[in-house]
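Chemist: Sharing a structure here in structure tokens format.
The values are calculated or read from the model by the stated rules, or taken from the named source; none is laboratory data. Not measured: the values here are computed from a predicted model. Ideal geometry is used to build each Cβ from the backbone, glycine not excepted, and the neighbour counts take in all protein chains shown.
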Amino acid sequence: MRPEEIEIRQIRMRLRHPFETSFGVTEERHVVLLSARCGDRVGYGEVTAAEGPFFSHESYQTAWHVLSDFVIPWFLGSDLASPSQFPKLVASIRGHSMAKAGMENALWDLAAKVEGVPLWRMLGGRRDEIACGVSIGIESSPEVLFRKIEDAVAEGYRRIKIKIRPGWDVRVVDRIRSRWPDLPLMADANSAYTLEDAPRLRELDAFGLMMLEQPLHWEDLIDHAALQTELATPICLDESIHSAADARKAHQIGACRIVNVKLGRLGGHTGARAVHDCCQERGIPVWCGGMLETGIGRAHNVALSGLGNFSLPGDVAASRRYWEEDIVDPEIEVTPRGTIFQSEAPGIGYRVREDLVDRLTERHRRFAR
Ligand code: MG
């Protein structure tokens, strides 16, 4: 596979509603997109790095730098037979997994389009219908949160995830539970706690949460293992897992019982697949996390979620929850029973609206072989 041209662009899109986590509020996204061209076939990838270095050290601006100055020139000087060889090519770049994932995923989309097969099938997926959950941010009041939960439940979503932090945790969960005793519910702390908060986190055990996601430090495994021995609620790791080796170590010391698989955090489909397989062998269920993606990143998440061990609903929701107008056609849609069907079209299965992408573009650069 020798794409003759790689394009990197940065677009700007306004979210329909601000999204707040323990890191802060996001109202507008700057998204770096990659495209790889082979004749009339174009593969697309999305960099999921945020506006600032808070989820990880990456931002869309560090991704632009790493991609334009290293990853793209290296790729164009290479001769890879398959996108699965891409991680090796960029292995000497430490970190910057989201930048790498944007490029690698564009190559996967292109490879599937060149072969004329849906990406989810090329990845080895078996699920043609995936279960969807939603992630609801920290809201201005519990009442606003309850309204959003009500809407998501009415739309058929299979589980609700709320974001928590000290001061917005036990009491909020308690009130949700008294209103929805059986709702599949989980909480994501995005590393807002320390081991000293164990007694407070233990109070959450009373509410039958599906899992508590990433309560402690974003690189920690050891303290999570200590916390898991004190909690009945399963811990799910997100930020702490960067590779299959991390997943293996987390399992070995009992740091989690569930893993959130994110393409950006794991460097692309190859790394995500490796974590999926490692967890499957160890009996750890996984689900697909979200990063406020546009339709391109969202479509890659849907394709990834076809793999067999994605047995829990992911944060792969409909385009219209986030965007007035998404950059793919059709938009990602969720059925009334809270699922998304895989597309049988080649590649990611959604047409990229290049006219709209052009209008949203803030900067772009082309690299030819
Ligand atoms: Mg998370």
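Chemist: In segment 38-56, which residue that is closer than 11 Å to residue 96 by Cβ and modelled with pLDDT of 95 or more is surrounded by the fewest Cβ atoms within 10 Å (Cβ to Cβ)? Explain how you work it out, then say what you get.
Modeler: Taking segment 38-56 first, the residues closer than 11 Å to residue 96 by Cβ are 47, 49, 56.
This time we only want the ones that are modelled with pLDDT of 95 or more, so: 47, 49.
Details: 47: 32, 49: 29.
Looking at residues that are closer than 11 Å to residue 96 by Cβ and modelled with pLDDT of 95 or more, I get 49.
Chemist: Having 1 or more residues that are crowded, with 20+ Cβ neighbours inside 10 Å, of a type in the set (S, T, N, Q) and in contact with an Asp or Glu (Cβ under 8 Å, 6 or more places away or on another chain) is the bar; report the helices (runs of 4 or more DSSP H) wholly within segment 59-123 that clear it. So that I can check it myself, show each step before the final result.
Modeler: Values: elements: 60-66, 72-76, 86-89, 97-115, 119-122.
In segment 59-123, the matching helices (runs of 4 or more DSSP H) lie at 97-115.
Chemist: Please name all residue pairs, on different chains or six or more residues apart, with Cβ atoms under 8 Å, provided the first residue is in segment 207-229 and is in contact (Cβ under 8 Å) with a residue 60 or more places away in the chain and assigned by TED's automatic domain parsing to the domain that holds residue 312 and the second residue is within 13 Å of the ligand (Cβ to nearest atom) and not in a loop (DSSP other than H, G, I, E, B).
Modeler: Listed pairs, sorted by first residue: 210/186.
Chemist: Here's another thing I want to ask about it. Is it fair to say residue 20 is crowded, with 18+ Cβ neighbours inside 10 Å and either more than 14 Å from residue 98 (Cα to Cα) or modelled with pLDDT under 95 (or both)?
Modeler: Criteria met by residue 20.
Chemist: Still on this structure, I have one more. Take residue 333 and tell me if it is modelled with pLDDT of 95 or more, within 16 Å of the ligand (Cβ to nearest atom) and in a loop (DSSP other than H, G, I, E, B).
Modeler: On the way: modelled with pLDDT of 95 or more: yes; within 16 Å of the ligand (Cβ to nearest atom): no; in a loop (DSSP other than H, G, I, E, B): yes.
It is false that residue 333 is modelled with pLDDT of 95 or more, within 16 Å of the ligand (Cβ to nearest atom) and in a loop (DSSP other than H, G, I, E, B).
Chemist: If you go through segment 240-271 one residue at a time, how many are crowded, with 20+ Cβ neighbours inside 10 Å, in contact with a Lys or Arg (Cβ under 8 Å, 6 or more places away or on another chain) and touching a residue at least 40 places away in the same chain (Cβ under 8 Å)?
Modeler: Total meeting the criteria: 2.
Chemist: Still on this structure, please answer the following. Looking at the structure I just gave you, is residue 191 of a type in the set (Gly, Ala, Ser), at pLDDT below 95 and either more than 14 Å from the ligand (Cβ to nearest atom) or surrounded by 21 or more Cβ atoms within 10 Å (Cβ to Cβ) (or both)? Please lay out each step first, then the result.
Modeler: Values: of a type in the set (Gly, Ala, Ser): yes; at pLDDT below 95: no; either more than 14 Å from the ligand (Cβ to nearest atom) or surrounded by 21 or more Cβ atoms within 10 Å (Cβ to Cβ) (or both): yes.
Spelling it out, it is not the case that residue 191 is of a type in the set (Gly, Ala, Ser), at pLDDT below 95 and either more than 14 Å from the ligand (Cβ to nearest atom) or surrounded by 21 or more Cβ atoms within 10 Å (Cβ to Cβ) (or both).
Chemist: Give me the pairs, please: first residue somewhere in segment 346-369 and at pLDDT below 95, second residue anywhere and part of a helix (DSSP H, G or I) and not hydroxyl-bearing (Ser, Thr, Tyr), beta-carbon distance under 7 Å, and either six or more positions apart or on two chains.
Modeler: Within 7 Å, the pairs are 369/76.
Chemist: Determine, yes or no, whether residue 209 is closer than 17 Å to residue 145 by Cβ and either more than 16 Å from the ligand (Cβ to nearest atom) or surrounded by 15 or more Cβ atoms within 10 Å (Cβ to Cβ) (or both).
Modeler: Values: closer than 17 Å to residue 145 by Cβ: yes; either more than 16 Å from the ligand (Cβ to nearest atom) or surrounded by 15 or more Cβ atoms within 10 Å (Cβ to Cβ) (or both): yes.
Considered against the rule, which asks whether it is closer than 17 Å to residue 145 by Cβ and either more than 16 Å from the ligand (Cβ to nearest atom) or surrounded by 15 or more Cβ atoms within 10 Å (Cβ to Cβ) (or both), residue 209 comes out as yes.
Chemist: Another question, if that's okay. Restricting the search to segment 287-308, which residues are outside any helix (DSSP H, G or I) and β-branched (Val, Ile, Thr)? Let's see the steps before the verdict.
Modeler: In the first step, residues of segment 287-308 are kept if they are outside any helix (DSSP H, G or I); the result is 287-294, 305-308.
Within segment 287-308, 294 is the sole residue that qualifies.
Chemist: Moving on. If I ask for residues that are among the charged types (D, E, K, R) and within 14 Å of the ligand (Cβ to nearest atom), which ones from segment 176-188 would you list?
Modeler: Narrowing segment 176-188 to residues among the charged types (D, E, K, R): 177, 179, 182, 188.
Scanning segment 176-188 gives a single hit, 188.
Here's the yes/no breakdown for (1) touching a residue at least 12 places away in the same chain (Cβ under 8 Å); (2) within 16 Å of the ligand (Cβ to nearest atom):
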| residue | (1), (2) |
| --- | --- |
| 77 | no, no |
| 81 | yes, no |
| 98 | yes, yes |
| 111 | yes, no |
| 130 | yes, no |
| 162 | yes, yes |
| 165 | yes, yes |
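Residues checked against (1) assigned by TED's automatic domain parsing to the domain that holds residue 272; (2) of a type in the set (Ser, Thr, Tyr); (3) within 23 Å of residue 37 (Cβ to Cβ):
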position	(1), (2), (3)
55	no, no, no
60	no, yes, yes
67	no, no, yes
108	no, no, yes
